[in-house]
Amino acid sequence: MVFHDQKLTDDQQIDFAAHFGPIHSSAQKARHHSIKHRLARDEIADISNLDGDGKVMEVDHRRRLDGLANRFWHTDASFRTVPGALSMLYAHVVPGEGGDTEFADLRAAYDALPQTKKKELEGLIAEHSIWHSRGQLDVTKYSPEERASLPPVPQRVVRTHPGSKRKTLYIAAHASHIIGMPVADGRLLLLDLIEHATQRQFVHAHSWRQGDLVIWDNRCTMHRARPFDTTQVRDLRRVTTRDVASTLEQAA
Ligand code: OGA
Ligand code: MN
């Protein structure tokens with residue numbers, strides 16, 4: 001859902017999101033406890049290319065990888081036991097060009113799978129870890145302590161959305177492999193599913209305007225950021241509600 005021309009403070013954005021469920025506090029500060037953060041409240045994830053002083057990040061800034069990692073197809077916080085439900089991303093400043101956000105519909109993607117593939121996926125559980133996705137960029141940037149703060153978690157590969165009762169894929173760049181299957185086979189299966197789910201017919205691109213509030217459901221979509229000139233300011237801020245439980249404790 002897209003709401004144009006909104007004027008929200010961080011507090012108002014958090015209060016609004018809280019109507020839809022408990023808020024997932026951002027893991028950014030746990031991951032980067034030694035650096036200065038720009039935004040005061042833990043409920044807000046800083047989706048910008050700005051440092052603690054509000055200046056465009058230097059190319060070697062520690063937090064810069066967080067923004068770049070959003071360019072992988074993912075669903076928010078699937079690497080936490082209780083993952084994200086609704087994300088609400090609000091645009092304070094957008095670059096002149098580029099920096100769209102794309103969304104893939106994982107219910108439509110599931111529906112379009114051949115029957116044999118649906119059977120093959122039944123009951124499969126993937127291991128999700130933020131270090132799997134970050135590892136494809138540069139995992140050496142993180143200390144052992146930071147890595148230990150977010151251990152891998154299991155999540156279902158197919159789940160039933162509690163609202164529509166439709167079956168949906170639940171996959172992401174954080175999904176590393178399938179539990180009980182050789183790592184290589186599981187990884188290739190996940191890559192194939194991501195490729196299938198991100199065909200153009202399942203994807204919508206949002207071009208940002210300042211003041212846009214965009215809300216999506218992480219339980220049945222993936223999303224990714226698109227490139228832009230990172231010497232320009234892009235200041236988006238996100239609040240995400242918590243799902244009710246791990247996907248393992250919800251309908252398959
Ligand atoms: C996010 C995210 C994409 C973007 O806020 O969770 O992935 O385009 N954002 O900034
Ligand atoms: Mn995201």
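Each value in this text was obtained by applying a stated rule to the coordinates, not by laboratory testing. These numbers come from a predicted model, not from an experiment. Glycine also receives a Cβ, built like all others from the backbone with ideal geometry; neighbour counts cover every protein chain displayed.
Overview of values
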{"item": "Where Cα atoms sit under 24 Å apart: lysine pairs in the chain separated by 8 or more or lying on different chains", "result": "12"}
{"item": "Burial ordering of Leu191, Leu86, fewest other beta-carbon atoms within 10 Å first", "result": "Leu191, Leu86"}
{"item": "Angle in degrees between helix 183-197 and the longest Cα principal axis of the chain, rounded to the nearest 10", "result": "70"}
{"item": "Of Arg234, Arg38, Arg200, the one that fluctuates the most in a GNM where the chain has Cα springs shorter than 10 Å", "result": "Arg200"}
{"item": "Phe3-Arg41 FRET efficiency (beta carbon distance; Förster radius 22 Å; 0.05 resolution)", "result": "0.55"}
{"item": "Packing-based order for 72-78, 221-227, using average beta carbon neighbours within 10 Å, highest first", "result": "72-78, 221-227"}
{"item": "Cut-off 16 Å (backbone N to label point 7 Å along Cα→Cβ of Phe16), residues of the range 198-217", "result": "208-217"}
{"item": "Net lengthening on full extension, Asp138/Gln210 (0.36 nm per residue, minus Cα-Cα)", "result": "22.8 nm"}
{"item": "At most 14 other Cβ within 10 Å, DSSP loop - trypsin sites (Lys or Arg not before Pro), the range 63-106", "result": "Arg71"}
{"item": "Distance (nanometres) between label positions extended 7 Å along Cα→Cβ at Glu145 and Glu195", "result": "4.2"}
{"item": "Sequence-separation-based contact order of the range 2-245, relative, with Cα cut under 8 Å and 6+ spacing, percent", "result": "40"}
{"item": "Under 5 Å, built H, 5+ apart or other chain: amide partners of Tyr170", "result": "Val158, Arg159"}
{"item": "Column: log10 I(q)/I(0), Debye, Cα scatterers of the chain, q = 0.10, 0.16, 0.17, 0.18 Å⁻¹", "result": "-0.47, -1.26, -1.42, -1.58"}
{"item": "Over the range 1-65: Kirkwood hydrodynamic radius from C-alpha pairwise inverse distances, Å", "result": "13.4"}
